[in-house]
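Trainee: Before we start, here is the structure in question, set down as structure tokens.
The values are calculated or read from the model by the stated rules, or taken from the named source; none is laboratory data. As the structure is a prediction and not an experimental result, all values here were calculated from the model. Cβ: placed from backbone, ideal geometry, glycine included. Neighbour counts: every protein chain shown.
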Amino acid sequence: MAKVKTSYFCQNCGHQSPKWLGRCPSCGEWNTIVEEVIQKEEPEKGSWKVSTSTKVAAKPRAVSEITYSDQPRILTPDSELNRVLGGGIVPGSLVLIGGEPGIGKSTLLLQIALNLPGQRVLYVSGEESDQQIKMRAERLSERRGANCFILTETSTQNIFKQVEAFEPDILIIDSIQTLQSSFVESGAGSVSQVRECAAELMRFAKESGTPVFLIGHITKDGSIAGPKVLEHMVDTVLQFEGDRHLAYRILRTTKNRFGSTSELGLYEMLGTGLREVTNPSEILITQREEATSGITIGAMLEGNRPLLIECQSLVSIATYGTPQRSSTGYDAKRLNMLLAVLEKRGGFRLGAQDVFLNIAGGLKVEDPAIDLAVCASIVSSYEDIALPPTVCFAAEVGLGGEVRAVNRVEQRIAEAEKLGFREIWISKYNLKGLDPGGYKIKVNTATRLDEVFVGSLVTR
Ligand SMILES: [Zn+2]
């Protein structure tokens, strides 16, 4: 009998330490370090072992000598998933889909597994029984799902035994936290287990060329499965976000070795599964009959995708001493900055006002092109003057109250035009190479905030 070996792991970031510590030296969290048993047995038959002895040692090769074999990607019937993966599933890739429990990760992957034409998919579930999955599958798909096979198993060694016999084209693991490898003795879901299981699956994916999808439950602070280690190990990390009480879900790429990381897919959760949203702007803008003050539309870019989103502000006199500033879906510090700019450069007395800002649709916006729409929305609420619903904005606002240029303004204007807007405000510095008369939409330009408000808002 080998001696039991243990080590200490931070449950937040995966940092390993030989002794217990009160505070993790890597991520700085308190009380996150837990002892885990890591005693390893010799790899036995059935595990996905690296055949080091038979492998030919790699030699240096000139770049020009390396032949590029462009393996065709597997296209799924889900165009949103293809988009976030950078154009389909790459053979031999390990993809992690993270998100809060109950958000619909299993639904998304099961739906794809059921509808993939001509691919044998093995869906390994440690969360639900096969009857439960069957019930869910019947809700999701009218097809019989003849190519989708379910295995309820949590031991990686057993899974690999089945995989070797079955040879699936795609392997789906639901979820990585339920897996257990016999080479590590600590419980399922612990840092060392998650790490070991992911490493075994990575070796399997790379050696067999089979793409593997992992579902990972996210912890409250937003890191996947506690250990950030997992994010470093896999090829692609997709985050499945959204409010579980709202119908819309966002699939966002946060890491991708095979494509851009700024892609975004949108879904609507229906009783029959997830529906792709192909025209996102339509759902992000409230259909309103009459104009309301405090509501403006901004043209933002999410990845390569232009989106029109709604900014809602409510400005009212602070009843308690300190004015409240609250923002949902938009950086609170940036909101404070814009409020200071409006106060100092625009002369709006916002210092004694409560300001609430909300980006409709549950989206988190980082694109600075939304600044002007935010400012306009605040001023509109403060002055209680509603903007016509046919006006939108696309410009950054600087500390001096200047209206700054944004990238790819043509795409933003084109999207606004497509959705039937009649006027868009952009920075004058964006005019280079742009023909404002070439659009059906009226293109207004400004260099300073006051020009926008005199021109569009306050005088109306
Ligand atoms: Zn840590």
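Trainee: Please name all residue pairs, on different chains or six or more residues apart, with Cβ atoms under 7 Å, provided the first residue is in region 19-39 and is among the small types (G, A, S) and the second residue is more than 9 Å from the ligand (Cβ to nearest atom).
Mentor: Close Cβ pairs satisfying both conditions: G22/W30; G22/N31.
Trainee: Further, regarding this structure: Are any residues in region 17-29 assigned to a strand (DSSP E or B) and more than 10 Å from the ligand (Cβ to nearest atom), and if so, which ones?
Mentor: If the condition is that a residue be assigned to a strand (DSSP E or B) and more than 10 Å from the ligand (Cβ to nearest atom), then no residue fits.
Trainee: With under 25 Å from L201 (Cα atoms), at pLDDT 70 or above, out of contact with any helix residue (DSSP H, G or I) (no Cβ under 7 Å at 6 or more places or on another chain) and more than 16 Å from the ligand (Cβ to nearest atom) as the only criterion, which of A62, A58 stands out?
Mentor: Result: A58 is the single residue among A62, A58 that is under 25 Å from L201 (Cα atoms), at pLDDT 70 or above, out of contact with any helix residue (DSSP H, G or I) (no Cβ under 7 Å at 6 or more places or on another chain) and more than 16 Å from the ligand (Cβ to nearest atom).
Trainee: Specify which of the listed residues (I159, I97, I112, I133) is assigned to a helix (DSSP H, G or I) and closer than 23 Å to E207 by Cα.
Mentor: Of the residues listed, the single one that is assigned to a helix (DSSP H, G or I) and closer than 23 Å to E207 by Cα is I159.
Trainee: Further, regarding this structure: Inside region 286-360, counting only strands (runs of 3 or more DSSP E) that do not spill past its ends, which hold 2 or more residues that are hydrophobic (A, V, I, L, M, F, W, C) and touching a Phe, Trp or Tyr at 6+ places or on another chain (Cβ under 8 Å)?
Mentor: 295-302, 305-317, 353-359
Trainee: Confirm whether D130 is over 26 Å from G242 (Cβ atoms), in contact (Cβ under 8 Å) with a residue 24 or more places away in the chain and among the acidic types (D, E).
Mentor: Here the answer is no, as D130 does not meet what is asked.
Trainee: Within region 176-187, is there a residue that is among the acidic types (D, E) and either modelled with pLDDT of 90 or more or not in a loop (DSSP other than H, G, I, E, B) (or both)?
Mentor: no
Conditions (1) in contact with a strand residue (DSSP E or B) (Cβ under 7 Å, 6 or more places away or on another chain); (2) buried (at least 20 other Cβ atoms within 10 Å of the Cβ); (3) on the phi > 0 side of the Ramachandran plot; (4) not basic (K, R), marked per residue:
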{"site": "G265", "(1), (2), (3), (4)": "yes, yes, no, yes"}
{"site": "M269", "(1), (2), (3), (4)": "yes, no, no, yes"}
{"site": "A299", "(1), (2), (3), (4)": "yes, yes, no, yes"}
{"site": "N304", "(1), (2), (3), (4)": "no, no, no, yes"}
{"site": "L307", "(1), (2), (3), (4)": "yes, yes, no, yes"}
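Matching residues to (1) free of Cβ contacts under 8 Å to residues at least 24 places away in the same chain; (2) surrounded by 17 or more Cβ atoms within 10 Å (Cβ to Cβ); (3) under 32 Å from the mean Cα position of the chain (by Cα); (4) within 30 Å of T322 (Cβ to Cβ):
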position: G351; (1), (2), (3), (4): no, no, no, yes
position: D354; (1), (2), (3), (4): no, yes, yes, yes
position: N358; (1), (2), (3), (4): no, yes, yes, yes
position: L363; (1), (2), (3), (4): no, yes, yes, yes
position: L399; (1), (2), (3), (4): no, no, yes, yes
position: A416; (1), (2), (3), (4): no, yes, yes, no
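Trainee: Within region 212-262, track down each residue that is at pLDDT 85 or above, under 16 Å from I176 (Cβ atoms) and part of a loop (DSSP other than H, G, I, E, B).
Mentor: Within region 212-262, V234, D235 qualify.
Trainee: Let me ask something additional. Only residues that are surrounded by 21 or more Cβ atoms within 10 Å (Cβ to Cβ) and either farther than 14 Å from L96 by Cα or not small (G, A, S) (or both): list them for region 184-199, please.
Mentor: V184, S186, S190, V191, S192, Q193, V194, R195, E196, C197, listed by residue number.
Trainee: Kindly provide the set of residues from region 91-111 that are surrounded by 23 or more Cβ atoms within 10 Å (Cβ to Cβ) and among the β-branched types (V, I, T), ordered by number.
Mentor: Matches in region 91-111: V95, I97.
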